[in-house]
Amino acid sequence: MINALRGMKDLTFEESERFVHIVTTAIGISKKYGYNYIETPILEESKLFKRSVGESSDIVGKEMYQFEDKGGNDVCMRPEGTAGVVRSFIQAKLDRRQNEKFKFYYYGPMFRYERPQKGRLREFHQFGCESFGEASVYEDFTIIQMIGDIFKALGIGYDLQINSLGCPTCMPPYRQNLINFLTECQDELCEDCNRRITTNPIRVLDCKNEKCQSLLTNSPKLINSLCDSCDGDFKKLVKLLKSENISYHIDSNLVRGLDYYSKTAFEFVSNNIGSQSAIAGGGRYDKLVEFLDGKSTPAVGFALGIERIMELVQMPEISREGYYIGAMKQEGVDALFSLASQKRATDKVTLEYAPKKLKAHLKGADRVNARYCAVVGEDEFKEQKVWVKDLIQKQESVINWSDF
RNA sequence: GUAGGCGUAGUUCAGUUGGUAGAGCACCUGUUUGUGGCACAGGUUGUCGCGGGUUCGAGCCCCGUCGCCUACCCCA
């Protein structure tokens with residue numbers, strides 16, 4: 001027997017229904033916010049992610065499905081969605097249309113070669129949005145509001161955490177301050193953090209080691225080192241969240257794992273799904289377009305993890321729907337197809353090809369959750385009629401084929 | 001890469017100090033010769049993950065291996 005690869009899952013029945021429910025809900029809401037669908041390839045040049053996500057990140061460093069294709073190209077399966085959308089945005093020269101705004105939504109599979117666990121698969125699915133050309137913090141707020149709408153529509157509770165990661169003006173000096181601070185208490189920090197001091201000092205902030213965290217209480221906070229512009233934007237965001245009654249926590253240690261974020265960073269967290277608790281995350285990435293050789297364009301975006309959200313959504317109860325149609329004798333079966341196609345114009349129809357006793361048909365109708373069980377028996381066949389029972393109202397009638 | 005837990009029927013799981021497997025659910029049949037869900041009665045279903053070893057005898061003990069899960073790490 002051949003099984004699916006490690007960390008890759010098949011979705012069927014009520015699981016796949018839940019998946020579709022989440023995606024259609026998210027699509028419906030993002031359309032209301034003016035987003036349009038964008039589809040980009042799953043396979044991209046490895047270079048794209050090395051430059052955008054960052055070589056220092058674990059995603060690029062050790063988690064990419066990367067290989068050489070038959071043409072000798074260094075390619076990989078996308079580990080996240082933003083880079084491809086930005087690449088496409090630049091390739092279509094939308095970055096030249098400087099006064100226009102573009103909003104895209106996407107969804108699809110992402111691949112990371114990690115050790116699978118709860119809420120973490122090697123092939124997983126994200127729904128995401130990217131907004132280009134809008135520098136205002138109002139857009140950051142709007143995106144957060146939109147995610148809130150999606151979770152509300154799905155009936156999911158969450159904790160919103162926000163932070164500002166600064167910009168090229170205030171980030172580098174802060175970074176140096178932090179390095180100085182960390183170097184002083186180097187001996188007491190964990191092994192990983194010591195490595196991070198040189199590779200990616202900002203990541204030390206969200207180390208889960210308790211000892212590191214206690215040392216960090218006195219560390220310089222980026223939130224207190226922001227330049228006037230970043231500080232003003234962050235205060236404005238907080239004000240908007242308050243006035244619109246969106247509850248939040250400022251988490252000065254919230255860092256995005258991907259290098260391209262600046263200014264607003266946020267994460268939606270659930271405490272009901274194990275340790276992989278981030279159900280959505282995103283922020284502003286004003287420098288990424290330029291970084292990938294486009295004309296400087298401000299942008300904000302987010303992605304939500306569909307599998308993680310699947311753990312949280314309750315599906316509305318399914319009710320009986322449509323018709324089950326069967327016959328009791330072979331000759332009746334042949335008459336079923338025109339009846340079925342008649343009904344399919346308006347209803348869901350399940351056809352049973354095997355002649356069976358009435359009782360078996362009623363059971364069959366039950367099994368497929370049909371509302372009506374329609375059977376052509378011996379008597380009905382002679383008179384060109386069909387017996388129909390409403391399985392909820394428990395009423396039955398015999399009607400002409402032409403009136404079915 | 002590291003650590004812990006688990007692999008027995010379609011499924012959820014039991015299986016005592018080693019004596020060649022059991023329950024619920026599901027499924028099929030009947031009670032009801034043309035009336036579903038409910039009830040009752042009966043019935044079907046297994047390479048006990050795989051490969052070695054110990055033993056008269058292994059689902060159980062030992063070694064190896066594969067897979068799944070959870071956590072670290074990372075992140076959606």
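The values are calculated or read from the model by the stated rules, or taken from the named source; none is laboratory data. Everything numeric here is computed off the predicted structure, so don't read it as measured data. Positions of Cβ are backbone-derived with ideal geometry, glycine not excepted, and every protein chain shown enters the neighbour counts. All accessible areas refer to the heavy atoms of the entire protein, side chains included, with ligands and DNA or RNA removed. Shrake-Rupley method; radii C 1.70, N 1.55, O 1.52, S 1.80 Å.
Which of the residues that make up the range A:292-344 are more than 23 Å from the chain's Cα centre (by Cα) and either closer than 30 Å to A:Cys167 by Cβ or aromatic (Phe, Trp, Tyr) (or both)?
Scanning the range A:292-344 gives A:Leu292, A:Asp293, A:Gly294, A:Lys295, A:Ser296, A:Thr297, A:Tyr323, A:Tyr324, A:Phe337.
Consider the range A:147-174. How many of its residues are at negative phi and in contact with a helix residue (DSSP H, G or I) (Cβ under 6 Å, 6 or more places away or on another chain)?
Total meeting the criteria: 9.
Of the residues A:Asn253, A:Asn218, A:Asn245, only one is out of contact with any Gly (no Cβ under 7 Å at 6 or more places or on another chain), modelled with pLDDT of 85 or more and polar (S, T, N, Q); which?
Answer to the selection: A:Asn245.
If the Cβ limit is 9 Å and pairs must be 6+ apart or interchain, which residue in the range A:191-202 that is open to solvent by less than 10 Å² (accessible area, probe 1.4 Å) pairs with which residue that is within 8 Å of RNA strand B (Cβ to nearest atom) and not in a helix (DSSP H, G or I)?
Between residues of the range A:191-202 that are open to solvent by less than 10 Å² (accessible area, probe 1.4 Å) and residues that are within 8 Å of RNA strand B (Cβ to nearest atom) and not in a helix (DSSP H, G or I), the close pairs are A:Cys193/A:Cys207; A:Cys193/A:Asn209.
Mind checking which residues of the range A:327-341 are closer than 14 Å to A:Phe404 by Cα and either in contact with a His (Cβ under 8 Å, 6 or more places away or on another chain) or open to solvent by less than 90 Å² (accessible area, probe 1.4 Å) (or both)?
A:Ala335, A:Leu336, A:Ser338, A:Leu339, A:Ala340, A:Ser341
Considering only the range A:266-282, state which residues are of a type in the set (Gly, Ala, Ser) and more than 9 Å from RNA strand B (Cβ to nearest atom).
Of everything in the range A:266-282, just one residue is of a type in the set (Gly, Ala, Ser) and more than 9 Å from RNA strand B (Cβ to nearest atom), namely A:Ser270.
Restricting attention to the range A:12-46, report how many residues are among the charged types (D, E, K, R) and modelled with pLDDT of 95 or more.
Residues flagged as among the charged types (D, E, K, R) and modelled with pLDDT of 95 or more within the range A:12-46 amount to 5.
Being in a helix (DSSP H, G or I) and either exposed (fewer than 13 other Cβ atoms within 10 Å of the Cβ) or near RNA strand B (Cβ under 6 Å from one of its atoms) (or both) is the filter here; which residues of the range A:381-404 pass it?
A:Lys382, A:Glu383, A:Ser402, A:Asp403
Kindly provide the set of residues from the range A:308-335 that are touching a helix residue (DSSP H, G or I) at 6+ places or on another chain (Cβ under 8 Å) and either among the acidic types (Asp, Glu) or assigned to a strand (DSSP E or B) (or both), ordered by number.
Hits for the range A:308-335 are A:Tyr323, A:Tyr324, A:Ile325, A:Gly326, A:Ala327, A:Glu331.
Among (1) under 23 Å from A:Ser56 (Cα atoms); (2) within 29 Å of the chain's Cα centre (by Cα), which single condition is A:Leu189 missing?
(2) is the only condition that A:Leu189 fails.
Mind listing whichever residues of the range A:8-34 are in contact with a helix residue (DSSP H, G or I) (Cβ under 8 Å, 6 or more places away or on another chain), aliphatic (A, V, I, L, M), within 16 Å of RNA strand B (Cβ to nearest atom) and touching a residue at least 40 places away in the same chain (Cβ under 8 Å)?
Answer for the range A:8-34, where residues must be in contact with a helix residue (DSSP H, G or I) (Cβ under 8 Å, 6 or more places away or on another chain), aliphatic (A, V, I, L, M), within 16 Å of RNA strand B (Cβ to nearest atom) and touching a residue at least 40 places away in the same chain (Cβ under 8 Å): A:Ile22, A:Val23, A:Ala26.
Against the condition over 30 Å from A:Arg196 (Cα atoms) and either within 16 Å of RNA strand B (Cβ to nearest atom) or at pLDDT below 90 (or both), how does A:Leu5 come out, does it pass?
Criteria met by A:Leu5.
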